[in-house]
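I have placed the structure first, in the form of structure tokens, so that the comments after it can refer back to it.
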Amino acid sequence: MASGEAAWNHGYVEANGIRVHYVRQGSGMPLVLLHGWPEFWFVWRKNIPALAERFDVIAPDLRGFGESDKPVLPEPPGRLLDELAEDLRGLADALTIEGFGIVSHDVGSFVAQRFAARYPERILGLFFFNCVYPGIGRRWLEPESVVEIWYQSFHQQPWAADLVGSSREACAIYLKHFLDHWAGEPGVFDEDFEVWVDNFMRPGNLRGGFDWYVGVGEARMQMMREGAPDLPKLEPPAYFLWGESDPILKVRWADRLGDYFATFELEPAPGTGHFVHYERPGLVNGRITQFFSGL
């Protein structure tokens, strides 16, 4: 395994009708770490050991990703987010965890918000990086944004996964673009890059990740047409550590967090891009520990 980390504690449970893979380390308050795209549980490798000194850390692969099951999309596909929230409930139930904190990024931030809206009594706190939240609204269509979000439409093409997965080289070229371009500094993933390619070349993993964009495609278009929706505020306390150099989720878009979160704190992370948890693990592990220890 990359970077010489100690052996990880892998587990599998049946949750919401699928088999979910997770890594679990430590003891204490349960923290569930929810990854984004193009990620899987291993994106947390720099965070799990440090956080496990204080917390019971659980890092699952979302459905469609890593070693978790990759069922076909629900009908209609827009139900996918609800299924992911129920996967999380099923995982927590299977592990006999009642109340827990969620640390989330990108795709995981959608799941965290949907789960918190459905089951607020089970959430001790929410910690986000570069959060995809409703207040972004039509700003997805700003000129500086449109040139960045092409992949969200590409991933919805039925042939996209076959094209990207046509060879290991093609997959590597595609992944490296995002891991370099979205990071504050290109090359930050180089030490683990072959692990990333290995993961996404596993049967079904490209399609499983791309299916996420099919599942949210209709809601994405609705937000672009109609703008930010009015929704009840999420009540659990929230903390946002937002990379200032993220080209896809811009820190200035955090200006409407107060419309959707009842209690929150926002901290910009200078010189950091989309993958704050991987790019700045020292900062991240300290802030997560401080936030959840203070609840």
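Results, tabulated for the structure shown:
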| item | result |
| --- | --- |
| Most mobile of 104, 153, 68 in a GNM of the chain (Cα contacts under 10 Å) | 153 |
| Surface share of carbon and sulfur [accessible, 1.4 angstrom probe, percent] for the chain | 53 percent |
| J(HN,Hα) series, the range 133-143, from Karplus relation 6.51 cos²θ - 1.76 cosθ + 1.60, nearest Hz, glycine and proline x | 10, x, x, 5, x, 6, 5, 4, 9, 4, x |
| In nm, spacing of pseudo-spin labels at residue 119 and residue 72 (7 Å Cα→C-beta vector) | 2.8 nm |
| Largest to smallest principal axis extent of the C-alpha atoms in the range 16-157, angstrom | 46, 31, 28 |
| Net +/- balance of residues flanking residue 64 in space, Cβ distance below 15 Å, scoring K and R +1, D and E -1 | -4 |
| Only Lys, Arg (+1) and Asp, Glu (-1) charged, at Cβ; the chain dipole about Cα centre in debye | 300 debye |
| Net charge over other residues, Cβ less than 12 angstrom from the Cβ of residue 184 (K, R count +1; D, E count -1) | -4 |
| Cα Rg, Dmax (largest Cα-Cα span) when computed across the chain, Å | 17.7, 49 |
| Most mobile listed residue (283, 80, 179) in the chain, GNM with C-alpha springs under 10 Å | 283 |
| Given charges at beta-carbon only (K, R positive; D, E negative), |dipole| of the range 50-177 in Debye | 260 debye |
| Of 171, 64, 113, farthest towards positive along the dipole that unit charges on Lys, Arg, Asp, Glu beta carbons give the chain | 113 |
| Probe 1.4 Å, accessible area per residue of the chain, Å² | 40 Å² |
| Cleavage-rule hits, chymotrypsin sites (Phe, Trp or Tyr not before Pro), the range 152-228, DSSP coil, Cβ neighbours within 10 Å at most 13 | 159 |
| Using θ = phi - 60° and Karplus 6.51 cos²θ - 1.76 cosθ + 1.60, couplings along the range 160-176 (whole Hz; Gly, Pro as x) | 4, 5, 5, 5, 5, x, 5, 7, 4, 5, 4, 4, 5, 4, 5, 5, 4 |
| Reachable lysines from residue 233, criterion Cα separation under 25 angstrom, eight or more residues apart if same chain | 250 |
| Residue-by-residue Karplus 3J(HN,Hα) for the range 206-212, coefficients 6.51, -1.76, 1.60, Hz, glycine and proline x | 5, 4, x, x, 5, 4, 4 |
| Relative contact order %, the chain, counting alpha carbon pairs below 8 Å whose residues are six or more apart | 21 percent |
| Taking all pairs of distinct alpha-carbon atoms in the range 119-201, Kirkwood radius in angstrom | 15.6 Å |
| Under-5 Å amide H pairs with residue 265, H placed in peptide plane, nonlocal only | 238, 239, 240 |
| GluC sites (Glu not before Pro), loop per DSSP, at most 14 other Cβ atoms within 10 Å - longest free stretch of the chain | 99-295 |
| Three semi-axes of the equivalent ellipsoid, the range 10-52, Cα gyration tensor, whole Å, largest first | 19, 15, 9 |
| Under 21 Å from residue 46, Cα to Cα: lysines that are on another chain or at least 8 residues apart | 176 |
| Most fluctuating residue given options 217, 28, 36, as computed from a GNM of the chain linking Cα atoms under 10 Å | 28 |
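The values are calculated or read from the model by the stated rules, or taken from the named source; none is laboratory data. Given the structure is predicted, the values throughout are model-derived calculations rather than measurements. Because the Cβ atoms are built from the backbone with ideal geometry, glycine has one as well, and the counts that use them run over all protein chains shown. The accessibility values were calculated without ligands, DNA or RNA, using every heavy atom of the protein model including side chains. Shrake-Rupley method; radii C 1.70, N 1.55, O 1.52, S 1.80 Å.
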